[in-house]
1. Using modelled backbone amide H atoms (1.01 Å from N, in-plane), which distant-in-sequence or interchain residues come within less than 5 Å of Val174's amide H?
2. Take the Cβ-Cβ distance between Asp63 and Thr17 as r, set R0 to 30 Å, and report the resulting FRET efficiency rounded to the nearest 0.05.
3. Return the calculated 222 nm mean residue ellipticity for the chain, to the nearest 500 deg cm²/dmol, obtained by summing -39500 (n - 2.57) across DSSP H runs with n ≥ 4 and dividing by the residue count.
4. In terms of modelled amide H atoms, which long-range or inter-chain residues lie less than 5 Å from the amide H of Gly161?
5. For Arg30, list long-range residues whose amide hydrogen, built 1.01 Å from N in the peptide plane, is under 5 Å from its own amide hydrogen.
6. If you add up the charges near Leu133, with Lys and Arg at +1 and Asp and Glu at -1, over every other residue whose beta carbon is less than 15 angstrom from its beta carbon, what do you get?
7. For the stretch 6-12, just list the computed ³J(HN,Hα) in residue order, Karplus coefficients 6.51, -1.76 and 1.60, θ = phi - 60°, integers in Hz, with x standing in for Gly and Pro.
8. How do the peptides 11-24, 61-74 rank, highest first, by the average count of neighbouring beta carbon atoms within 10 Å per residue?
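Please treat every number below as a calculation from the coordinates, not as lab data. If you're wondering where the values come from, they're calculated on a predicted model, not measured in any experiment. Cβ atoms come from the backbone with ideal geometry, glycine included; neighbour counts cover every protein chain shown.
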Amino acid sequence: MTTLFLMVGLPGAGKTTRARQLADEHGALRLTPDEWMLPLFGEAEPDGKRDVLEGRMLWLALDAVRLGTDVVVDYGCWSRHERTAIRWLAEAQGAGFRMVYLPVDHETQRTRIAHRWATAAEETYPLDETDLLHGRAHFEEPDAAELEGRVHGDPPPGWTGWPEWAADRWPSFVRPRAV
């Protein structure tokens, strides 16, 4: 069974490092928006373009697992709804789903981000203390039930299904063909 690995955590948690390891271990396609944003747009969050890029990457990830290729999606996925939608979509394609959550304390996060900026500024973008605190305030940490795969909730009120919710969250997302 093919697997979609979803990296979850705040900036500086080690998601991309672990995503690279998983891709190597499993011969998986790795989709990391951070590596595309700067070359394509010169910044991390230009006018909603990140959501557009993530939508197309999600479409590609689902098509790849449908075709038999393991995929590592390295988004961070701060919200429970994002994670649940991606889990549902992967499983609808007949793929396994594995969430890889990497928690990080604030001091370690700050240190790693400063090191990344000092050693690879051309591959990253600056994050200040305000950005870090904003991220922590908005991050919905996965609970044990979610980490164990026991959460398969319905989409939020007003949505008929997770594909419709995903198309709104990631404007360029198009549901791939069914298995």
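1. Placed amide hydrogens put Trp59 under 5 Å from Val174.
2. Once the sixth-power term is evaluated, E becomes 0.70.
3. It lands at -14500 deg cm²/dmol.
4. none
5. For Arg30, whose amide H was placed from the backbone, the distant partners under 5 Å are Val72.
6. -3
7. The phi angles translate into 10, 7, 10, x, 7, x, x Hz.
8. Going from most to least packed, we get 61-74, 11-24.
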